[in-house]
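Enquirer: Below is a structure I'd like to ask you about.
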Amino acid sequence: MPEWHSQRLARDMDARAEEAKGLALAIGLEVVAVHTLRLRQTRAATLIGVGQIEAITPDIAAHGVQLVVVDAALSAIQQRNLETAFGTKVIDRTGLILEIFGERAATAEGRLQVELAHLDYQAGRLVRSWTHLERQRGGFGFLGGPGETQIEADRRMIRNRMARIRRQLEDARRTRQLQRAKRQRAPWPVVALVGYTNAGKSTFFNRLTGSDVMAEDMLFATLDPTMREIRLPGIDKAILSDTVGFVSDLPTELVAAFRATLEEVTTADLIVHVRDIAHSDSEAQYDDVRAILDSLGIGTVQDRGEGDDAMVIPQIEIWNKIDTADAETRSAIEDMAMRRPDVAVISAVTGEGVEAARLLMASQLTALHKVRRIYLTYAQGEAAAWLHARGEVMADEPKGEGHILTVRLDPADSARFDRLWPATDVPTL
């Protein structure tokens, strides 16, 4: 199964080829050949040149290839012409990722989001039959086989179906907003894990929560967001959210369809960017994740300029998979991390550095918290219980007809307490 890449992509070519191969393997394809081609110019009809097509065709015949994956975006005409030239089925990077998402999405909302993305993708390809690749298994029709119902390629049907899905997703979005509103009224901070696909987010999630979320060494092992309760130093309860992994050139259809899910990140109190720091393309992967966060309007403190409207959510980096680095690389990584107060180096598999990561997460969540000494009478039991539930009570000293609580509160809870129980702080001597 040949794959190739455009020279315009400023990424390590070997890493890019490995990623394309990983995408193919993630959907159960057998990769029999990989071709990496540099394009001096793209052809409107076929993307690649005639000579390159002629160089690949013998390999297709020799291996009996049934599917060619092009690691680039193809127009409908390019896809059709390449199928004619190769004498076999052809799909592009977008089609392959959509197929993976279609097979992996487990929740009703996830499947609706993928179907919407698939319909959006197919809407521009009605010069072709919807089932130019016959269906044999799950997903949305790119890799399946004969025997299943053919979907009529009709623009009105597509528009109507897309409208119905959007209404259903809007209902789901409103439900998520209500759930987020409830969480925001609760005292628990929300921590969102983000990162490139296969960076180890789910393994780190499982390590922190003791859960068994699917964490395989494959691309897009996690698609549906998962939330669990965790405890962090000085924080009795926090909510940890595992999100879908990002990838370079993530299809715009998927970004749009999964926006409701990705909105979970925009309401987090802390974003934890998990990176495969030993990967040869780690820096480019970082840039890809940042590009997605930027598209959601989430900026970093360092990136924010004067007049910038981007929301700034505290962010830290977890440099994962340190156990896979050789001694020299490991030493260099650890030296870099020592100069970064917002970085923890870990191995989610072995547990190395995870406690330091927990301390870093806790310190970021409590960085803006204020320590106050508040006097309450013993009759104000409800106020005392509220402070215990929402803050970190560091001391409780009896004083006359009441007691003095030394408590650490975040700014929002501090203001909320003052509205509910106007009180005079005890002067700090």
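Enquirer: Suppose we keep only residues that are of a type in the set (A, V, I, L, M, F, W, C) and in contact with a strand residue (DSSP E or B) (Cβ under 9 Å, 6 or more places away or on another chain) within the range 366-377. Which one would you say is surrounded by the fewest Cβ atoms within 10 Å (Cβ to Cβ)? Explain how you work it out, then say what you get.
Expert: We begin by selecting, within the range 366-377, every residue of a type in the set (A, V, I, L, M, F, W, C); these are 367-368, 371, 374, 376.
Still in the list and also in contact with a strand residue (DSSP E or B) (Cβ under 9 Å, 6 or more places away or on another chain): 371, 374, 376.
Values: 371: 12, 374: 25, 376: 20.
Top of the filtered list is 371.
Enquirer: For residues that are buried (at least 16 other Cβ atoms within 10 Å of the Cβ) and under 20 Å from residue 41 (Cα atoms), scanning just the range 76-94, find the one that is nearest to the chain's Cα centre (by Cα). Explain how you work it out, then say what you get.
Expert: Start the filter on the range 76-94 by keeping residues that are buried (at least 16 other Cβ atoms within 10 Å of the Cβ), which leaves 78-83, 85-86, 88-94.
Next cut, under 20 Å from residue 41 (Cα atoms) only: 78-82, 85, 92-93.
On the way: 78: 30, 79: 29, 80: 32, 81: 34, 82: 32, 85: 37, 92: 22, 93: 18 Å.
Checking each candidate, the answer is 93.
Enquirer: Let me ask another. Does at least one position in the range 279-294 carry a residue that is modelled with pLDDT under 75, under 19 Å from residue 173 (Cβ atoms) and under 15 Å from the mean Cα position of the chain (by Cα)?
Expert: Within the range 279-294 (the criterion being modelled with pLDDT under 75, under 19 Å from residue 173 (Cβ atoms) and under 15 Å from the mean Cα position of the chain (by Cα)), the answer is no, since none of the residues qualifies.
Enquirer: Which of (1) within 26 Å of residue 232 (Cβ to Cβ); (2) crowded, with 19+ Cβ neighbours inside 10 Å does residue 363 not meet, given it meets every other one?
Expert: Status for residue 363: all satisfied but (2).
Enquirer: Another question, if that's okay. Residues in the range 272-288 that are under 15 Å from residue 315 (Cα atoms) and crowded, with 21+ Cβ neighbours inside 10 Å: how many?
Expert: So the first thing to find is which residues in the range 272-288 are under 15 Å from residue 315 (Cα atoms), and the list is 272-275, 286-287.
Subsequent filtering for residues that are crowded, with 21+ Cβ neighbours inside 10 Å retains 272-275.
Total satisfying the criteria: 4.
Enquirer: Same structure again: Looking at the range 141-198, which of its residues are assigned to a helix (DSSP H, G or I), modelled with pLDDT of 85 or more, among the small types (Gly, Ala, Ser) and under 22 Å from the mean Cα position of the chain (by Cα)?
Expert: Those that are assigned to a helix (DSSP H, G or I), modelled with pLDDT of 85 or more, among the small types (Gly, Ala, Ser) and under 22 Å from the mean Cα position of the chain (by Cα): none in the range 141-198.
Enquirer: Only one of these is crowded, with 17+ Cβ neighbours inside 10 Å and over 28 Å from the mean Cα position of the chain (by Cα): 353, 391, 400. Name it.
Expert: Matching residue, one of 353, 391, 400: 391.
Enquirer: Another question, then. I'm trying to understand the selection: among the residues of the range 236-245, which are modelled with pLDDT under 80 and surrounded by fewer than 21 Cβ atoms within 10 Å (Cβ to Cβ)? Even if it seems obvious, please write down each step before you answer.
Expert: Start the filter on the range 236-245 by keeping residues that are modelled with pLDDT under 80, which leaves 236, 243-245.
Within the range 236-245, 236 is the sole residue that qualifies.
The values are calculated or read from the model by the stated rules, or taken from the named source; none is laboratory data. Just so we're clear, the structure is a prediction, and the values are computed from it rather than from any experiment. Cβ sites come from the backbone with ideal geometry, for glycine too, and all protein chains shown count toward neighbours.
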